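The next block holds one structure in the form of structure tokens; read it before the comments.
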Amino acid sequence: MEPLNPPHSPLDVAHDDAAGWSLPRDILLPGVITGGLGALFMLALALPLGAFLRGDVWHALRLVGGVFFREAPVGPWAVTLGLAIHLTTASGLGILFALLLPRGGTAMDALVLGLLMGLMLQAVLPPLVVPFASPPLAREAPDSALFLLHLVFGASLALIVPLRRMAPAR
């Protein structure tokens, strides 16, 4: 007579999946790379928009630098700080996205969730965070441009799936 209990319980299967999980390989590294790439894609769109709309290719980074330069951010330090703030924030959001996306998710799942995250960022950041964090950005950035930039960032988060697949399993 065979035992009533199956040879492997569902908890053993979940434990086997968790045993292959790695914080640096599955969350931190893909999140930082994906967030950084998303920030660069945003910049690839924001820099020409600044040149076209304001006649200053560095206008977007100066506005982000308004976190430290509260009035009228000018000069190379405002651009450098704006770039550092932008890349750091985007990398942190990429890590958050990597935490939210299941490890076995598909690229389509990541694209849809990334676009939803971009929409959520657009819904939260401009009205609630930007006025306090960077008054120059709140005064001068057009909402339509921010909407487009956040969608680009959200779509770029789908790159996390191939990055996770490229990482060697341990």
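The values are calculated or read from the model by the stated rules, or taken from the named source; none is laboratory data. It should be emphasised that the depicted structure is a prediction, and the values quoted were computed from it without experimental measurement. Quick reminder, even Gly has a Cβ in these numbers, built from the backbone with ideal geometry, and neighbours come from all protein chains shown. In case anyone asks, the SASA skips ligands and DNA or RNA and just uses the protein heavy atoms, side chains included. Shrake-Rupley method; radii C 1.70, N 1.55, O 1.52, S 1.80 Å.
Projecting label points 7 angstrom from Cα along Cα→Cβ for Arg103 and Ala145 puts them 4.2 nm apart. Accessible area per residue was computed with a 1.4 Å probe on protein heavy atoms; Glu71 scores about 140 Å². Output the 0 to 90 degree angle, nearest 10, between the alpha-carbon long axis of helix 107-124 and the longest principal axis computed from the alpha carbons of the chain. Relative to the chain, helix 107-124 is tipped by roughly 40 degrees. Considering only Ile160, Ile85, Ile95, the mean-square fluctuation computed in a Gaussian network model of the chain, springs between alpha carbons under 10 angstrom, is largest for Ile85. Mean residue ellipticity at 222 nm, helices only, the chain: -21500 deg cm²/dmol; runs of at least 4 DSSP H residues each add -39,500 (n - 2.57), and the sum is divided by the number of residues. What percent does the relative contact order of region 17-170 come to when contacts are Cα pairs within less than 8 Å and at least six residues apart? Over region 17-170, the number comes to 35 percent. Applied to region 82-99, the Karplus parametrisation 6.51 cos²θ - 1.76 cosθ + 1.60 on θ = phi - 60° returns per-residue 3J(HN,Hα) values of x, 5, 5, 5, 5, 5, 5, 5, 5, 5, x, 5, x, 5, 4, 5, 5, 5 Hz, with x for Gly and Pro. For the residues Leu37, Leu47, a 1.4 Å probe over the protein chains yields an accessible-area ranking, largest first, of Leu37, Leu47. For trypsin sites (Lys or Arg not before Pro), the sites in region 13-92 that DSSP calls loop and that have at most 14 other Cβ atoms within 10 Å are Arg70.
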